[in-house]
Amino acid sequence: MSTQDLTGPGLRLDHLPRRKRVNRTMEGLAWLAAAIAIAILGVVVYSVGQRGWSELNLNLITKQPINFSLTNAPQGLSNAFAGTIVIVGIAMLMALPAGILVAVYVNEFAPAPIRSVITLVIDVLAGVPAIVIGIFVFVLLVVGSGQSGLKGSFSLAILMLPFVARTTIEVLALVPNALREASLALGVPRWRTTLSIVLPRAIGGILTGTVLAVARVAGETAPLLFTSSVVGVQTDWNPAHALQTIPVAIFELSESPDPKDHARAWAAGFVLLIFILFASLTARWLATRNARKLAGR
Amino acid sequence: MSITIEPTVRVETRRQPIPPRERLEPIFEVEGLDAIYGAKAAIKDVSMEVYKNLVTAIIGPSGCGKSTYIRCFNRMNDLIPTFRQTGTIRYHGQDICASNIDPVAVRRNIGMVFQRPNPFPKSIYDNVAWGCRVLGMKEDLDARVERALTQAALWDEVKDRLKASGLSLSGGQQQRLCIARAIAVEPDVVLMDEPASALDPIATQAIEQLMHQLKSQYTFVIVTHNMQQAARVADMTAFFSISQGGEGERYGELIEYDATEKIFTAPSDKRTEDYVTGRFG
């Protein structure tokens, strides 16, 4: 159905065609920008998937790599998947409580001047390049005693901390003051109000931030090169040992002369991409579910 | 030609007469209270007594510091970083503004209902029960919840859906839920900061009725900008107004405090008369 212009005396129609044109142009530009963003993602996913397709099978996550393999025996990167799960998992266990506590202090307890100082420090920390964190942890923990998965977790936790703290501060600030007042007016102490009223209300946002932070650090390579990269091919779940991880494995395989190694690197990259996609979807789902629950539906 | 302005507010005459002041038991004695935000005084030099088992209304135009004043009674203003106050508020003879008094203990005895209904994002039952549980009143929790909801005139409407979210209730029901939550922990005093300003007349009436019924057990202090409401529910009424100090400073001040009947029919201050007859404010 085509739209019809209003006609009649006294109607203000000055520049109407021009305004319509400008509107259509701007809408088109916005559409184009969105299309480009989606297209880039599509191209990346496609080319990574296509190059890794030959190695994208169950062996990738169940079989260990074989050193100097001259045979066609099936091999995979199970050591890297195990290491990434262990290292990122422990990093999350370190960064999540610390980040939440920092945010709770900043938002619920700190006086205004301290609050702005800590917020600034968190922002600066968020901007520190991963390689700097890596070399810092290397000098602090690795030199003299060797690498371990735990030290890798520690460096990833430093990277996660500002993200978790920042998102938590933001969601805590969204908790209406009326709720805090309601609890405090009952004669409930501050800590209890924070624990039972403020944090449950913010938990959806906190989880969303955490999932995104996990997705981000799961792909970090630089700090792990320093802290957990001198590894064997065995699948190892012990964080006291240096553990292989997906990003480091991709980096190493990409330097191999064997094209099958390249394919495996692409396949591992594809799995990482899919993991991040699912993590983001989970974060979204958590956020909407939480919003629905809080609205009383 | 002189025009006589009829009072716009009629005071119900069937209310119980208040005993003479010397026979009333003061629960709060406010003396020389100044409340200050940063460098700006919100209220200055307020002195009055609040009596036990009466409903005391605080009326006055917007910006006269009514809400600031009522929040002094349970140290709610402590939450505002730039706030400070001078003067004393004695509660049963003890100065609750002193720095060695724990505001948590004050609030435990002096409950509050806020202007906007603010139920917790929990079930109806938990909204009432949570405070009791946290404060250690765990015995007969079901009976306690039922009693509080009944007192708040909400029980019949929610008894079949106690598990539903408190946020699923209508505005008036939410406010009554907040009242139930406040009285479930058995405070001594209930402060109400414009509790009906977001409610329709029927919900307002329900809240006013329950104040009438509950004042034998509690002491109510209610802030309202609705004079009819003050005239309906309050035994005592305090009128606050905005005063001009030097250098254009504006602050709230207690103009007159007396029995509601007297405030609305024979105020002794011209400013009170202007306000209650609708000539100002």
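Readers should treat all values here as calculations from the given coordinates under stated rules, not as data from a laboratory. These numbers were taken from a predicted model, which means no experiment stands behind them. Quick reminder, even Gly has a Cβ in these numbers, built from the backbone with ideal geometry, and neighbours come from all protein chains shown.
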Gaussian network model of chain B, springs between alpha carbon atoms under 10 Å - residue of B:ARG21, B:ARG75, B:ARG116 with greatest fluctuation:
B:ARG21
Among B:GLU49, B:GLU186, B:GLU247, determine the one that fluctuates most according to a GNM of chain B built with springs between C-alpha atoms less than 10 Å apart.
B:GLU247
From the phi angles alone, apply the Karplus equation (6.51, -1.76, 1.60; θ = phi - 60°) to the stretch A:176-189 and give each ³J(HN,Hα) in whole Hz, x where the residue is Gly or Pro.
x, 4, 4, 5, 4, 4, 4, 6, 4, 5, 7, x, 8, x
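So what is the relative contact order for the stretch A:178-297, in percent, with contacts set as C-alpha pairs under 8 Å and at least six apart? Could you put the intermediate results ahead of the total?
Working: 85 pairs, mean separation 36.1, N = 120.
Result for the stretch A:178-297 is 30 percent.
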When the dipole is taken about the Cα centre of the stretch A:78-294, and only Lys, Arg (+1) and Asp, Glu (-1) are charged at their Cβ, what size is it in debye, to the nearest 20?
900
State, as an integer percentage, the relative contact order of the stretch A:78-294 based on alpha-carbon contacts under 8 Å between residues 6 or more apart.
31
Lys/Arg +1, Asp/Glu -1 at C-beta; the stretch A:78-294 dipole; positive extreme among A:ILE250, A:SER116, A:GLY152:
A:SER116
List the lysines whose Cα sits under 27 Å from the Cα of A:LYS260, skipping any in the same chain fewer than 8 residues away.
A:LYS63
With a ≥ b ≥ c from the Cα gyration tensor eigenvalues, square-rooted, and the rule rounded for a/c under 1.5, otherwise prolate when a/b > b/c and oblate otherwise, chain A is oblate
What shape does the stretch B:56-135 take by its C-alpha gyration tensor, where a ≥ b ≥ c are the square roots of the eigenvalues and a/c under 1.5 counts as rounded, a/b above b/c as prolate, and the rest as oblate?
oblate
Using the alpha-carbon centroid of each, what span in Å lies between the stretch A:87-154 and the stretch A:222-297?
20
Could you give the size of the charge dipole of the stretch A:196-297 about its Cα centre, using +1 on the Cβ of each K and R and -1 on the Cβ of each D and E, expressed in debye and rounded to the nearest 20?
1020
Can you give the convex hull volume per residue for the Cα atoms of the stretch B:26-99, as a whole number of Å³?
86
Estimated dipole of the stretch A:65-206 in Debye, rounded to 20 [Cβ of Lys and Arg +1, of Asp and Glu -1, Cα centre]:
200
Against the 2.2 N^0.38 Å scaling, with N counting residues, where does the stretch A:28-104 land? I'd like the Cα-based Rg ratio to two decimal places.
1.73
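Give me B:MET137, A:MET92 ranked fewest to most by other Cβ atoms within 10 Å of their Cβ, as a rough exposure proxy.
Fewest-to-most Cβ neighbours within 10 Å comes out as B:MET137, A:MET92.
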Compare the Cα positions of A:ALA215, A:VAL230, A:LEU141 along the charge dipole of the stretch A:78-294 (+1 at Cβ of Lys, Arg; -1 at Cβ of Asp, Glu; about the Cα centre) and return the one farthest towards the positive end.
A:ALA215
For chain B, with the dipole built from +1 on Lys and Arg beta-carbon atoms and -1 on Asp and Glu ones, taken about the Cα centre, which of B:LEU149, B:ALA238, B:GLY60 lies farthest toward the positive end?
B:LEU149
Once every Cα of chain B carries one equal point scatterer and solvent is ignored, give the base-10 log of I(q)/I(0) from the Debye formula at q = 0.13 Å⁻¹, two decimals.
-0.90
Which one, A:SER228, A:SER78, A:SER256, has the greatest fluctuation when you compute a Gaussian network model over chain A with C-alpha springs under 10 angstrom?
A:SER256
How long are the semi-axes of the ellipsoid equivalent to the protein assembly as shown, from square roots of 5 times the Cα gyration tensor eigenvalues, in whole Å, largest first?
63, 31, 23
